[in-house]
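The values are calculated or read from the model by the stated rules, or taken from the named source; none is laboratory data. All values reported here derive from a predicted model rather than from experimental measurement. Note: ideal-geometry Cβ built from the backbone for every residue, glycine included; neighbour counts use all protein chains shown. For accessibility, only protein heavy atoms count, side chains too; no ligands or nucleic acids. Shrake-Rupley method; radii C 1.70, N 1.55, O 1.52, S 1.80 Å.
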Amino acid sequence: MESFLEAVEKSYENFDDKFSMLHRASTISSDELFEANKSLQKEAKQQKKILVSLENTIRSLTENLNEEQLFGENVKDDFNAEDLAAYISNLAAKVSEMTVEKDRLLKSLESQNQSLNNYAQMVSHDLKSPIRNINALMSWIMEDEKEKFSAASKDNFSMVSQNLTKMDKLISGILNHATMGETEEHRVTFSLEESLKDIEQTIFVPENITFEYDEELPELFFERARLEQLFMNLFTNAVTATENVEKGIIKVGYEPDDAYWKFSVSDNGKGIPEKHQKGIFEMFKKLETANNATGIGLAIVKKIAVLYEGDVRLESEENVGTTFYITLKKNS
């Protein structure tokens, strides 16, 4: 009996030890499972965010593409992972095809532009040579035979000469516009005010017109010849607008900015009628009263502004004046 009772007592002792070990093991496993579950939940949330981000990105990328061609006829509103992977694969293939096509088109466009520039140079030379020859011959005839010509004939000769000169300017303007693009000119540092005063000395300025420059005009690091070409056209345009004003004033303004050079050229001339303002920057668009204009100057101004990722706009009122606002990106 004693042996039996002792065995029963020992069995309870073993049970308590085993139960304690089991409880401890269960506690450890529960803690580990809890931490593992937290980690899995966190990872699941991250995966969900990634999938949502991918979905939003793909939707953004394919706004202008045909989704049915990329994903199939049954386009789904909600993507699952497998669908999304297939969609990305299709999109990558399409982007690769588009890149190859883009490179091919760029090479073709570069070749065509070079051919067009060469053609423009050739046509310009072939057209300008006879025009200048005719003008020279007209001048010689007038010089040798001027005593035999009537006043009307002399006026007609003068008109012919003016039109030949205008044709020469027109051809030069078309050539400049057609071949304008990337320039090999190096950027230099120069005073804008000094450069503008040089332009003022280059063009014909009637005595009734004066130029006024902003006191804060900056020093620029820019392609000087390209910038002078822009202001030359604006100045010529402003002089034409104010040549019949009793006291013409042409002002050049400047507005500091971190990203862009911002300038304005204003005059107190005849202004531009509203019906002409919309297309004034297009080729061959000009005022009906500006008979000597070629209609190319402002088109060149616009093209230069666009080349430097900027813009040009105007504000004008008849018999009050016109202001052109120009922006040019500093690091374009």
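Here are the numbers for the structure shown:
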{"read-out": "Criterion (open to solvent by 90 Å² or more (accessible area, probe 1.4 Å) and in a loop (DSSP other than H, G, I, E, B)) met by exactly one of E185, E194, E207", "value": "E207"}
{"read-out": "Residue, surrounded by the most Cβ atoms within 10 Å (Cβ to Cβ), within the stretch 315-328, restricted to residues that are over 28 Å from R224 (Cβ atoms) and polar (S, T, N, Q)", "value": "S316"}
{"read-out": "The stretch 260-314, residues that are among the aliphatic types (A, V, I, L, M), open to solvent by less than 20 Å² (accessible area, probe 1.4 Å), more than 24 Å from A225 (Cβ to Cβ) and at pLDDT below 80", "value": "A290"}
{"read-out": "Qualifying residue in the stretch 210-221 (condition: surrounded by fewer than 17 Cβ atoms within 10 Å (Cβ to Cβ) and of a type in the set (S, T, N, Q))", "value": "yes"}
{"read-out": "Positions within the stretch 227-259 being assigned to a loop (DSSP other than H, G, I, E, B) and either open to solvent by 70 Å² or more (accessible area, probe 1.4 Å) or closer than 15 Å to K330 by Cβ (or both), in sequence order", "value": "E243, N244, E246, K247, P256, D257, D258, A259"}
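For (1) in contact with a strand residue (DSSP E or B) (Cβ under 8 Å, 6 or more places away or on another chain); (2) open to solvent by 90 Å² or more (accessible area, probe 1.4 Å); (3) modelled with pLDDT of 80 or more; (4) farther than 23 Å from D168 by Cβ, each residue gets a yes or a no:
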position	(1), (2), (3), (4)
K107	no, yes, no, yes
E110	no, yes, no, yes
Q114	no, yes, no, yes
V123	no, no, no, no
L127	no, no, no, no
P130	no, no, no, no
A136	no, no, yes, no
A151	no, no, yes, yes
